[in-house]
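The values are calculated or read from the model by the stated rules, or taken from the named source; none is laboratory data. Note that this is a predicted model, so its numbers are computed, not measured. Cβ: placed from backbone, ideal geometry, glycine included. Neighbour counts: every protein chain shown. For the accessible areas, the whole protein counts, side chains as well, though only heavy atoms, and no ligand, DNA or RNA atoms are used. Shrake-Rupley method; radii C 1.70, N 1.55, O 1.52, S 1.80 Å.
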Amino acid sequence: LVSDKQFSEAITRAERLSQEFPGERDLMRLLEFARQQQAEMEQEQRAESLQRQIEELLQERRFAEAASVARAAVDAFPADPALASLLNRAEAQSKKQMVHQAIEQRVREIKGKINRGELTDAKDLARDTLSTLGPDTDVEQLLSSAEVEYDAREKRGRQEQRLDQVRALLAAGKLEEASSGL
């Protein structure tokens with residue numbers, strides 16, 4: 001039974017035999033060996049089960065949960081390189097997912113600020129997002145749009161101010177100065 005790795009059956013039979021032959025040292029060594037082998041096999045099965053569970057969570061894109069399960073698995077089986085590798089992968093994917101979600105949230109905030117005309121705040125938030133969360137084409141495009149819109153509004157403001165000055169000159173009868181202002 002031990003040779004066929006049927007350790008639970010070997011344990012059961014050896015325990016029965018140990019009742020009949022309580023002082024048999026070879027039987028006790030065989031029983032202890034079978035118990036150790038059974039425990040190791042159960043540990044391997046548990047590690048493999050955790051590995052499958054982590055891989056399923058990764059496939060389902062539940063990265064934070066996969067990282068949590070992988071951390072517990074590595075704590076239980078610190079010498080298992082497959083579990084350590086899965087932990088690294090799960091943590092990397094979880095971090096990437098969190099950054100992606102943070103960027104999506106910031107994109108919504110920046111768009112809202114642009115729509116409300118808060119262009120300076122939108123530009124500042126976009127720059128902050130790029131510096132803290134890294135490059136992102138959507139954020140870069142929104143920053144560019146906010147800058148273009150900001151510059152256009154500034155230019156329109158300067159033009160309106162200049163036109164107001166020209167109107168004031170016209171109203172004051174200073175046609176020559178108004179003409180040069182235009």
Query raised in the report: Considering only the stretch 126-142, how many residues are among the hydrophobic types (A, V, I, L, M, F, W, C) and touching a residue at least 24 places away in the same chain (Cβ under 8 Å)?
Result: 3
Query raised in the report: Any idea how many residues of the stretch 1-45 are open to solvent by less than 90 Å² (accessible area, probe 1.4 Å) and not in a helix (DSSP H, G or I)?
Result: 5
Report task. Specify the residue that is most open to solvent (accessible area, probe 1.4 Å); the eligible residues are those in the stretch 68-77 that are assigned to a helix (DSSP H, G or I) and touching a helix residue (DSSP H, G or I) at 6+ places or on another chain (Cβ under 9 Å). Result -> R71
Report summary line: Residues in the stretch 46-61 that are open to solvent by 60 Å² or more (accessible area, probe 1.4 Å) and either part of a helix (DSSP H, G or I) or farther than 30 Å from Q93 by Cβ (or both) total 7
Requested in this report: For I103, work out the one condition from (1) over 30 Å from M41 (Cβ atoms); (2) of a type outside the set (F, W, Y); (3) out of contact with any Ser or Thr (no Cβ under 8 Å at 6 or more places or on another chain) it doesn't fulfil.
Outcome: (3)
Report summary line: Restricting attention to the stretch 78-125, the residues that are without any contact (Cβ under 8 Å) to a residue 24 or more places away in the chain and not in a helix (DSSP H, G or I) number exactly 5
